[in-house]
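**Q** After the structure tokens below, expect a handful of questions from me.
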Amino acid sequence: MEIKYELKDKSQRRTEPLKPNEPLPFGVLRTDHMFIMDYEDGQWKNARIVPYGDIPIAPGATTLHYGQAIFEGVKAFQHDDGEIYTFRLDKNAQRMNRSADILCIPNIPEEIQIEAVHALIDIDRLWFPHQEGASLYIRPFIFATQDSLGVHPSSSYKFMVILSPSGPYYPAGFTKPIKLLITEKFHRAAPGGTGSSKAAGNYAASLKAGEFAKEFGASQVLYLDTTNIYIEEAGAMNHFHITREGDVVIPEFVDSVLRSITSESIIELADTLNINVTQKRVKIKEFIEAVKNKNITEAGGLGTAAVISPVGEYVFEDATSITVGNGEVGEVTKKIYEYYTGIQTGKVEAPKGWLQKVERRK
Ligand code: PLP
Ligand code: COI
């Protein structure tokens, strides 16, 4: 793929690395440039890196009316050798195409998605954050641009990548477990729907549930399946629990659950970590019983942004609650988190292919 560069004037670009004390809330800061590519006349073309800024869009664009849009979330890390490495970007590129299939969006070859991200990071490498626990959050996304109010797949699209230097998801550190609300009122996704894709609309549909959870002091909803029998997801994360014997259980990837790359990675690391990780349908009633009688001792969410969010308490709509273990971060959770973030930051040897160095090209 040939990328055209229309870069900001050097005098307007970042000229020195981000300061270690610069505030870095998750997902707020942007870098100098962005990547764009168009889909028109049946092909992806016109790959370019341009200054970050607003883009023109037709008021009748399909994405604004019918939400034909998908995205990914990936991270890059700077290691002690000074180089930047993307983490499992190939898996995200694969999943982008799976989401594209579900939303009738044309695929983009994985190597083109990877090249787009690496070329952009290379240009904006001075934006890499150096604080403890910080990373570069990468947001590739595709949206429909055809100016047409008919409900049908758009004939044109844009693929874009933006970067966000981000501090740790939980600035207070990995010390304070979150609360989840158990409710039958909201469902994230239905069988045969778009739940296994990263469709923008899935997140719009989850906002009300998130706000409802906050009324109970919880940060998110524990989503159940539409029959209210099985656990599906922990807000915008996969869910996991750990039994008294130390076994990790992740709900099965049915078609209303997103196939989390964090979950898949932990499953792949099971032997190395010497833990048993299984996937199965988890009944909410049995889960609650097991938390109460301490057969389940740890639980939480899994996702790129936070890696692991330990859950200390599940609350109910009648304001009662159950505490997981002693409500603190558990030993197995800690062990997984430390090993996983060790791989990402280059402190622990990564399985082959998990980290890809961003080569210097400009
Ligand atoms: N489930 C949902 C609904 C998500 O939005 C995410 C976030 O990306 C995840 C799970 C975790 O996936 P991953 O580990 O690939 O970030
Ligand atoms: C995650 O990466 O864990 C997410 O849930 C992504 C979110 C910011 C949409």
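The values are calculated or read from the model by the stated rules, or taken from the named source; none is laboratory data. Owing to the predicted nature of the structure, the values given are computational and were not obtained by experimental measurement. Positions of Cβ are backbone-derived with ideal geometry, glycine not excepted, and every protein chain shown enters the neighbour counts. We work out accessible area using only protein heavy atoms, side chains counted, and drop any ligands, DNA or RNA first. Shrake-Rupley method; radii C 1.70, N 1.55, O 1.52, S 1.80 Å.
**Q** Would you check if Val277 is buried (at least 17 other Cβ atoms within 10 Å of the Cβ), closer than 27 Å to Thr341 by Cβ, touching an Asp or Glu at 6+ places or on another chain (Cβ under 8 Å) and not assigned by TED's automatic domain parsing to the domain that holds Leu136?
**A** Spelling it out, Val277 is indeed buried (at least 17 other Cβ atoms within 10 Å of the Cβ), closer than 27 Å to Thr341 by Cβ, touching an Asp or Glu at 6+ places or on another chain (Cβ under 8 Å) and not assigned by TED's automatic domain parsing to the domain that holds Leu136.
**Q** I'm told Tyr223 meets every condition in (1) out of contact with any Lys or Arg (no Cβ under 6 Å at 6 or more places or on another chain); (2) within 12 Å of ligand 1 (Cβ to nearest atom) except one. Can you identify the failing condition by its number?
**A** Result: Tyr223 passes all but (1).
**Q** For segment 231-285, give me each residue that is more than 15 Å from ligand 1 (Cβ to nearest atom) and assigned to a strand (DSSP E or B).
**A** The answer is His241, Ile242, Thr243, Val249, Thr278, Lys280, Lys283.
**Q** Any idea which of Ala236, Ala189, Ala200 is out of contact with any Lys or Arg (no Cβ under 8 Å at 6 or more places or on another chain), within 16 Å of ligand 2 (Cβ to nearest atom) and open to solvent by 60 Å² or more (accessible area, probe 1.4 Å)?
**A** Exactly one of Ala236, Ala189, Ala200 is out of contact with any Lys or Arg (no Cβ under 8 Å at 6 or more places or on another chain), within 16 Å of ligand 2 (Cβ to nearest atom) and open to solvent by 60 Å² or more (accessible area, probe 1.4 Å), namely Ala236.
**Q** While we're looking at this one, here's another question. Against the definition (open to solvent by 20 Å² or more (accessible area, probe 1.4 Å), away from ligand 2 (no atom under 16 Å from the Cβ), free of Cβ contacts under 8 Å to residues at least 60 places away in the same chain and in contact with a strand residue (DSSP E or B) (Cβ under 7 Å, 6 or more places away or on another chain)), how does Glu215 come out, yes or no?
**A** Here the answer is no, as Glu215 does not meet what is asked.
**Q** I need every pair where a residue in segment 196-211 that is over 19 Å from Cys104 (Cα atoms) and in a helix (DSSP H, G or I) has its Cβ under 9 Å from the Cβ of a residue that is open to solvent by 20 Å² or more (accessible area, probe 1.4 Å) and hydroxyl-bearing (Ser, Thr, Tyr), sequence separation at least 6 or different chains.
**A** Short answer, once both residue conditions are applied: Gly210/Ser219.
**Q** Got a sec? Which of Gly67, Gly60 is away from ligand 1 (no atom under 16 Å from the Cβ) and open to solvent by less than 80 Å² (accessible area, probe 1.4 Å)?
**A** Gly60
A quick yes/no check of all residues on (1) of a type in the set (S, T, N, Q); (2) in contact with a Phe, Trp or Tyr (Cβ under 8 Å, 6 or more places away or on another chain); (3) assigned by TED's automatic domain parsing to the domain that holds Ile36:
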| site | (1), (2), (3) |
| --- | --- |
| Glu132 | no, no, yes |
| Pro153 | no, no, yes |
| Ile162 | no, yes, yes |
| Lys198 | no, yes, no |
| Gly201 | no, no, no |
| Gly235 | no, yes, no |
| Val249 | no, yes, no |
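**Q** Let me ask another. If the requirement is being of a type in the set (D, E, K, R), within 15 Å of the chain's Cα centre (by Cα) and in a helix (DSSP H, G or I), which of these qualifies: Asp90, Asp101?
**A** Step by step, each of Asp90, Asp101 is checked, and only Asp90 is of a type in the set (D, E, K, R), within 15 Å of the chain's Cα centre (by Cα) and in a helix (DSSP H, G or I).
**Q** Related question: Among the numbered conditions (1) free of Cβ contacts under 8 Å to residues at least 24 places away in the same chain; (2) crowded, with 21+ Cβ neighbours inside 10 Å; (3) hydrophobic (A, V, I, L, M, F, W, C), tell me where Val161 comes up short.
**A** Unmet for Val161, out of (1) free of Cβ contacts under 8 Å to residues at least 24 places away in the same chain; (2) crowded, with 21+ Cβ neighbours inside 10 Å; (3) hydrophobic (A, V, I, L, M, F, W, C): (1).
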